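J.: A single structure is presented below for examination.
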Amino acid sequence: MKIAIKLAYRNLIGAGLRTWLNVIVLSFSFVVIIWMRGIINGWNRQAKDDMTAWEIGGGQYWHEKYDPFDPFTLSESHAPVPEELIPIINRGEMEPYLISQGTLYPRGRMQTIIVKGINPKQDIFLLPSQKLDTLITDAIPAVTGSIMARNLNITRGDRMMLQWRDAGGTFDATDIVITEIFSANVPNVDQGQIYISLENLQKMMNLPGEATIITYRDGHSPGLTELDGWNHKTKQELTSSVDELIKVKSVGTSVMYVILLLLAMLGIFDTQVLSIFRRQKEIGTYIALGYTRRQVVGLFTVEGTMNAVLAAIVGAFYGIPFLALQAKTGWTMPMDTSDFGMAIAQTLYPAYSAGLVIMTVIVIMFTTMIVSYWPSRRIARMNPTEALRGKIQ
Amino acid sequence: MKRILLIITTLLFTVFVSSQNADDILKKVESNISSDNRIFESTMIINGARSSRTITSKSYVVGDKQSFTEYLSPAREKGTKMLKLENQLWIYSPSTDRIIQIAGHMLRQSVMGSDLSYEDMMDDRKLTDIYSSKVTGNDNIEGRETWILELTAKVTDVAYQTRKMWIDTERYVPLREELFAKSGQMLKRTTMSEVENINGRWFPTKIVYKDLMKQGGGTEFKITQVQFNQKIPDHIFTKASLKQ
Amino acid sequence: MIKFLLKGLIRDKSRSRLPFLVVTIGVALTVLVHAYIVGFMGDIIEINARFSTGHMKVMTRAYEQEMNQVPNDLALTETDSLLSLLSKQFPSAEWSPRIRFGGLIDVPDENGETRSQGPAMGLGIDLINPGSAEAKRLNLEKSAVRGKLPSEYGEILLSENFSLKLGVNPGDKVTLISSTMDGSMAFYNFIVSGTVAFGLESLDRGMIIADISDIRTALNMEDAAGEITGFFKNGFYDNDEAIAEADRFNATFSDNSDDFSPLMVSLSSQGSLGTYVNMVELWTLMISSIFIFAMSLVLWNAGILGGLRRYGEVGIRLAIGEEKGHVYRTMIYESLMIGFAGSVAGTLFGLFFAYLIQKYGINISGMMQGSAIMLPTDIRAKIQPVDFYIGFIPGLFSTVIGTMLAGIGIYKRQTAKLFKELEA
């Protein structure tokens, strides 16, 4: 075996450019596959982290009538915060928010929006809620996201009228002042909505102490699966859309890996076929020296597979610095992604796991081995004396 | 001290009297406008942002709780009927031959695209039951002396927290009304004119509604014919009559 | 001489078969992967185009401002003349009017009283007219679950989930309650012709689709439409062209002082799709470059291998007196022929497979049970004009370069040693 490896190595290096072309293409497979899967893993992680930090925390309790797709349910989907949660909320491990509908009149236009009331002192979400504590005498401070701000063509400091109907149906209106515009990668917390302080919204709606959604801090589940009138939504349920997106992207990109591998294998296959064709005398000699046919097939298979080993080394040579750099600086899309339709950051940080690297290496090695073995089977059918004479068979 | 007490008593008395007055005024207005029953034909001109439309209809009303309206023109709306019993509302559309109950958020839709919502039409509670009122001043509208009444909601389930009404001091007919949000923001304005004496009642025959949050030139409602205290058969106020 | 070389290649299969196969496979893979990446990356764009944005869209300026609220009171009027103007002056795209509307679907019981009711998002399209491509565009035929597509006026399609929620079946009568262009309440009866499932939660919740002429009658929108969508006739979104067409239209026909004058916007200037379009272009470029580069290396290698394969033959030819330059040139000519033939065949194969994936898609719906976001259930390739020649870069050039490099060896061979080599 040792000799086989040594021989294979010599043969490969001796072939010069031919080998290096194959090796470079194959090394692409390593690097590109690891990189792309890393990006997808990173995206998955980042999307969930962003959702955790902006939208869902560690999980939520939804009022049983709350339906995010049907704004008409909002007038009914609120209830007093359950007693048992109040001490947890006071500790800051949970945050209630109240959701209602309103109409905003920016620059004389009319826009139906969602108004969310949130505790200004909360620190479960990254939302700049402390800006809701800004002191303004004749208007309510509000914050909104950058997508919303762009759609409405408003900037920080703008004042506009907000109209709503309270729980009893009474019309009410007030001015709001945008005290902060945040930029989040989670469109669900941005599009079509503004935030004001929970206290203000409860007062405005005439719903003291009520909430629509109660979120707990990541990793601090109160462990109450059943709460009367509230549906528990775990983080896993709430991020299932990300999982699905990632699944589609994984399936979709794996087609590309297959084609990339096919490409590399095409080169190796071609090389193997030629080797066996040109090196008949050598094969004859091996057999004359007492190698069994199987051993010779093994020799050629090792030689072909050695391509993958060299490719791994070459790939590591430029791939490790590249992948490390990517993981550190991220892959920044040269464009503004703030108004993307999904949770996607401007910069994606690929995340590689040992499992990912090992899997990729195993798959590529194994494929290369099969492709190297395939043409070598011919050797087993060769007549050694003919081969020795170099007769083409 | 005595003086102060006197002043306070006088003040209280004045307030009492004026609020009493305001309620009385409202009651008089209500008894003037509403009758046991009435039949009227009306024309509604809706001045939209892009075009104007004219809709005519005939209505049968008994008290505050029952009303039945049949649309006469344009062709598209002809035969559409609307029945209101207590706090329920049904619409019959002849093209579909269906009776549909209007409830929930559908009540917030505008009536025929006008500046009026179904909800505006539906609230049949007496103003004096849901608002406390006081006279806050006097005004002159097109040569008529008026009291200005300010109404503040006593209950929580009203659309408009406050209203301002201008009541003709002589005829007890409202000439103008403004509806406000809790914050004081004016939302709708109604102007009543062409007050006529019909069967001994003073009755405004032209009403202009303007939803201030809506573009367009408002909705003009004109009563072209009105008869009071007619005999209206009971079967009109049944769902069966919608389909006839 | 070309004829002679060609005959040689055709008759001596060992000279041509493997190199040709390698080039063909390589080129086919390149074309396929390019079409696949474009399709895969652009799926969200196409889905959005078909269901919502069109490649271009004409609306009134006022409608455009509040597009997400489907303000039909701000709809385009006199759409017939606008349509004929568009198809005359902007013939690169097919134009069709659409009306989006919200409303309720009300299901009667045997007495005509409401049995069930649910909020619906409606779409009125040119559905029944046999010349219309709208049904195909929305993939209605394949999305059908029960019943059939509307073939007569007065028929409506409901999303499957919605129909189950309401408890209606094909053949049942339902009433649409919506509001007309003037804001008046609108009622219209439909017969449910069938149900569809798009696999997109946002559509499957409460989508209803009917012919636009029914919707026009229902909503009092004769000769009006919320929007006129344009789709490029070649079927693919071309951002630069869409922007150019929109600019051309707006320069002549749009009056920015009139809220109700028509305005054309490209797909990329609607919502957040612009950034996505840019991203797709970038990713596509990057990934295709990697592939084409890798492919070039493989074919280069194939060229070298091809040269080596014929080591003995070249030796004999030199030995019998053929000039080195001549041998070298003929080998390059041959590689040109093989490269060309392989590229043509490869492009054809690649396009064929890409077409299959474009037409039938790779179905991944089995993995997508209960999807909650707007995701396609099929991965599709998308053939673009560039796919017709992109394969030639590695196919022709790399093969020839490989042969050129391998052929240099010819000049290094010494005639004196030739026979010794041949003996061995």
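The values are calculated or read from the model by the stated rules, or taken from the named source; none is laboratory data. The structure displayed is predicted, hence computed values, not measured ones. So basically every Cβ, Gly included, is an ideal-geometry build from the backbone, and we count neighbours across all protein chains shown. Accessible surface areas use protein heavy atoms only, side chains included; no ligands, DNA or RNA. Shrake-Rupley method; radii C 1.70, N 1.55, O 1.52, S 1.80 Å.
J.: Non-local amide H neighbours of C:ASP126 (under 5 Å, H modeled in plane, Pro and chain starts lacking H): which ones?
T.: Distant-sequence amide H within range of C:ASP126: C:ILE212.
J.: To continue, here is another question. Relative to a virtual label point 7 Å from the Cα of C:GLU322 in the Cα→beta-carbon direction, which members of the stretch C:384-412 show backbone nitrogen distances below 11 Å?
T.: none
J.: Please give the solvent-accessible surface of A:TYR66 in Å², to the nearest 10, using a probe radius of 1.4 Å with every protein chain present.
T.: Counting only protein heavy atoms, A:TYR66 exposes about 40 Å² to solvent.
J.: OK, next. Distance from the Cα centre of the stretch A:243-267 to that of the stretch C:294-351, in angstrom?
T.: Each part reduced to its Cα centre gives a spacing of 31 Å.
J.: Give the accessible area for B:ARG163 in Å² (nearest 10); use a 1.4 Å probe, count only protein heavy atoms, and leave out ligands, DNA and RNA.
T.: Its accessible surface works out to 40 Å², give or take rounding.
J.: With a 1.4 Å probe and all protein chains in place, put A:THR174, C:THR229 in order of accessible area, largest first.
T.: Order by accessible area, largest first: A:THR174, C:THR229.
J.: Next question, about the same structure. Ignoring ligands, DNA and RNA and using a 1.4 Å probe, state the total buried accessible area between B and C in Å², rounded to the nearest 100.
T.: The summed interface area works out to 1900 Å².
J.: Roughly what angle does helix A:240-278 make with the longest principal axis of chain A, taking Cα atoms, 0 to 90 degrees, to the nearest 10?
T.: 10
J.: Still on this model: From the phi angles alone, apply the Karplus equation (6.51, -1.76, 1.60; θ = phi - 60°) to the stretch B:39-48 and give each ³J(HN,Hα) in whole Hz, x where the residue is Gly or Pro.
T.: Along the stretch B:39-48, the couplings run 10, 9, 10, 9, 10, 10, 10, 9, 8, x Hz.
J.: Nearest 20 debye, what's the magnitude of the dipole of the protein assembly as shown about its Cα centre given +1 on Lys and Arg Cβ and -1 on Asp and Glu Cβ?
T.: 6100
J.: About its Cα centre, how strong a charge dipole does chain B have in debye, to the nearest 20, once Lys and Arg get +1 and Asp and Glu get -1 at the Cβ?
T.: 340
J.: How much net charge surrounds A:GLY157 when only other residues with a Cβ under 12 Å from its Cβ are counted (Lys, Arg +1; Asp, Glu -1)?
T.: Within the 12 Å Cβ shell, the charges total +1.
J.: Among B:SER117, C:ILE37, C:PHE291, which residue has its Cα positioned farthest towards the positive end of the charge dipole of the protein assembly as shown, with +1 placed on the Cβ of Lys and Arg, -1 on the Cβ of Asp and Glu, and the dipole taken about the Cα centre?
T.: Towards the positive end, the residue furthest out is C:PHE291.
J.: Please report the accessible area of B:LYS65 (heavy atoms, 1.4 Å probe, ligands and nucleic acids excluded) in Å², nearest 10.
T.: Approximately 80 Å² for this residue.
J.: Hey, another quick one. Give the Kirkwood hydrodynamic radius (Å, one decimal) of the protein assembly as shown, defined as one over the mean of 1/r across all pairs of different Cα atoms.
T.: About 34.7 Å for the protein assembly as shown.
J.: Turning to a different aspect of this structure: Dipole of the stretch C:56-236 (Lys/Arg Cβ +1, Asp/Glu Cβ -1, origin at the Cα centre): which of C:PHE231, C:MET207, C:SER193 lies farthest to the positive side?
T.: C:PHE231
J.: Ignoring ligands, DNA and RNA, what accessible area per residue does the protein assembly as shown give at 1.4 Å, in Å²?
T.: 44
J.: Along Cα→Cβ, 7 Å out, is where each label goes; now give me the distance between the ones at C:ARG329 and C:ARG248 in nm to one decimal.
T.: About 4.9 nm separates the two model spin labels.
J.: If I fit a long axis through the Cα atoms of helix A:17-51 and take the longest principal axis of the Cα atoms of chain A, what angle between them do I get, 0 to 90°, rounded to 10?
T.: With both axes taken from Cα atoms, the answer is about 20 degrees.
J.: Further question on the same structure: Compare the Cα positions of A:LEU127, A:LEU85, A:ILE154 along the charge dipole of the stretch A:60-217 (+1 at Cβ of Lys, Arg; -1 at Cβ of Asp, Glu; about the Cα centre) and return the one farthest towards the positive end.
T.: Farthest along the dipole direction, towards plus: A:ILE154.
J.: Something else: For labels at B:LYS58 and A:ARG156 in the simple 7 Å Cα→Cβ model, what's the distance in nm?
T.: 6.6
J.: Tell me, which residues of the stretch A:8-48 get at least 20 Å² less accessible area when the other protein chains come in, versus the chain alone (1.4 Å probe)?
T.: Residues of the stretch A:8-48 that lose at least 20 Å² of accessible area once the other chains are added: A:LEU17, A:ARG18, A:LEU21, A:VAL25, A:PHE28, A:VAL32, A:TRP35, A:MET36.
J.: Apply 1/(1 + (r/R0)^6) to the Cβ-Cβ distance of C:SER261 and A:GLU76, taking R0 = 35 Å, and write down the FRET efficiency to the nearest 0.05.
T.: Result of the calculation: an efficiency of 0.25.
J.: Also, I was wondering about something else. Just how large is the dipole of the stretch C:122-256 about the Cα centre, in debye to the nearest 20, putting +1 at every Lys and Arg Cβ and -1 at every Asp and Glu Cβ?
T.: That gives the stretch C:122-256 a dipole magnitude of about 640 debye.
J.: Considering amide H positions built from the backbone, and no H for Pro or chain starts, which residues 5 or more places from C:GLY103, or on another chain, come under 5 Å of its amide H?
T.: Residues meeting the criterion, in which the H sits 1.01 Å from N, are C:ALA120, C:GLY122.
J.: On a 0 to 90 degree scale, rounded to 10, what angle separates helix B:2-33 from the longest Cα axis of chain B?
T.: Between helix and principal axis, roughly 20 degrees.
J.: Taking Cα centroids, how far is the stretch C:99-169 from the stretch A:24-54 in Å?
T.: 41
J.: If you don't mind, another one. Compactness ratio of chain B: Cα Rg over 2.2 N^0.38 Å, N = residue count?
T.: 1.11
J.: Work through the residues other than B:SER42 whose Cβ is under 11 Å from its Cβ and net out their charges, Lys, Arg +1 and Asp, Glu -1.
T.: Around B:SER42, the surrounding residues sum to +1.
J.: Further, regarding this structure: Using R₀ = 35 Å, calculate the FRET efficiency as 1/(1 + (r/R₀)^6) where r is the Cβ-Cβ separation of A:ARG278 and A:MET365; round to 0.05.
T.: 0.90
J.: Suppose the chain between A:THR329 and A:SER183 were pulled fully straight at 0.36 nm per residue; how much longer would it get relative to their current alpha carbon spacing?
T.: Answer, rounded to one decimal: 50.6 nm.
J.: A:GLU237 to A:ALA288: extension gain in nm, 0.36 nm per residue of separation minus the Cα-Cα distance?
T.: Result: 11.7 nm gained on full extension.
J.: Still on this structure, I have one more. If each of C:ASP172 and B:LYS27 carries a label point 7 Å out from its Cα toward its Cβ, how far apart are those two points in nm?
T.: Each label point is offset 7 Å from its Cα along the Cβ direction, giving 5.4 nm.
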